[in-house]
Every structure is written in structure tokens, then in C-alpha cells.
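For reference, the structure is listed below as C-alpha cells.
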Amino acid sequence: APEAYRKRASYARHEAAAFRRKGLEKRARLLTDEIARRGLNGQSVLEVGSGVGGLLIELLRAGAERATGLELSVASRAAAAALADELGFAGRVDYRPENIAAEGDAVPPADVVILDRVICCYPDMPPLVGQAAAHARRLLALTYPVTAWYMRVFRFCANFFSAVMGWEYRFFLHPPAQIAAIVQAGGLRPVFQQRHSIWNVTVYERG
């Protein structure tokens, strides 16, 4: 396999191992606890940018019936499938390669849709958030960075370093007011908003 793939596969294995040892990070735990508090029994969950699938596994443990993870990385999907099989959830979770912003018609809706640390990795935010909102039958849960001055400094440094290294990755700070406007235009209203460290954690409900 090419060196670039081996690096990604190694990173995915590291992420899966970290979940086995420590579970979710506090930001993701805050998000999943709030979703679970609103009821998950019999619900379907869709996560955009699901990585190795730890968040989906926790929601299945909390009562969700089925879960779908959209993940572009082949290595992350493989690690996620292996983790789900190891923990006994292989029959209830499916990992797919679609980009919801560009291929929304190919993605089925779900009761709960999640974008955890995805908005800041995507250059064209409106179709990403708009499609996520359109696919959420009941809840839409988001985490994205605050736009404080120190995050703008971080963005500059991170993107400069990525450019020097020849990496495709870029970090984006999309305006929270614009994100909220797109979600609410999709028929959802905020029911939970909390800041955790550098992250805005928000849950919207339809109706």
C-alpha cells in the first residue's frame, strides 16, 4: 500500500485504540449525553464524518436502533467496521463513503443527524449544513469551533503548516450565526447550546 495510505491506516488504528482505552472525548460525551437524554429507543442515527465510529457505538449503547456513518477515509471505515464487530454492533451499523454535501440524494434520512468536528474541516459550509439539516427527521447535533481571536491565530498557523507540508487539510472558522441561520431555515430550532473548551456544542430539534 502507498505510504500515504499506511499513515492514514495507522492513525485510524490509533483512534480506535484510544476509544477502547478511554471512550469518547469530553466534547463528544457532552453531545451524546444530550442526545440520549432526549430519547433514542428505536431511533436511527446518521453521523457525517464518523471516523472510527466511537460516537455511533455509544449512541447504539444508549438505545439507538440503527446507525449509519458517512466517512470518506477507507482506512477509517475499515477500523470502524472492525471496532463495531469487536464490540457486538456489526449488524446495527453501516459505514458508507458518500459526501452528503455533494451526494445528498444518495443518503437516507435519519431521526438523529450528527456533525461532530466536521464543519471546521469543510470549505463549503452551506451545502454541508443544509443537507445535514434536511436529513434530520428529529434532531441535528453539531460541534464546531468558537471564533475567538486565538482560534483565528490557530487557523492561520495550522493552514500555513499544512501548506508548507503539502497537505490537503485546511481548518475553517465558519460564522456561528450563518450556521444557525441555515439550520433554522431547514425547520429546526435550538434546544441545547453549551460551550466546551474551544467548541460550540448545539442540538436542534425539528418543529
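The values are calculated or read from the model by the stated rules, or taken from the named source; none is laboratory data. Quick caveat, the model's predicted, so the values are computed rather than measured. Neighbour counts run over all protein chains shown; Cβ positions are idealised from the backbone, glycine included. Each accessible area value is taken on the protein alone, full model and side chains, heavy atoms only, with ligands, DNA and RNA left out. Shrake-Rupley method; radii C 1.70, N 1.55, O 1.52, S 1.80 Å.
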With DNA, RNA and ligands ignored, accessible area of SER50 (1.4 Å probe; Å², nearest 10): 10 Å²
Cα lying deepest toward the dipole's positive end in region 117-207, options TYR169, GLY130, VAL201, charges on Cβ: VAL201
Efficiency of FRET from Cβ geometry, ALA82 and MET151, R₀ 41 Å, rounded to 0.05: 0.75
Centre separation in Å (Cα based) which lies between region 83-156 and region 165-207: 10 Å
Rounded to 5, the percent of DSSP beta bridges in the chain classed as antiparallel: 45 percent
Heavy-atom accessible surface of region 22-114: percent carbon and sulfur, 1.4 Å: 47 percent
Three-way shape call for region 22-85 based on the alpha-carbon gyration tensor, with the a/c threshold at 1.5: prolate
GNM flexibility winner over the chain from ALA134, ALA102, ALA177 (Cα, springs under 10 Å): ALA177
Mean accessible surface per residue for the chain, computed with a 1.4 Å probe while every protein chain stays in place, in Å²: 49 Å²
By accessible area with a 1.4 Å probe, ligands and nucleic acids excluded, highest first: order of THR147, THR202: THR147, THR202
Cleavage-rule hits (trypsin sites (Lys or Arg not before Pro)) in region 159-207: DSSP loop, at most 15 neighbouring Cβ within 10 angstrom: ARG170
Rg over Rh, two decimals, region 1-129 (C-alpha only, Kirkwood Rh): 0.95
Rounded D (µm²/s) - region 68-155, Kirkwood Rh over Cα pairs, Stokes-Einstein at 20 °C, 1.002 mPa s: 148 µm²/s
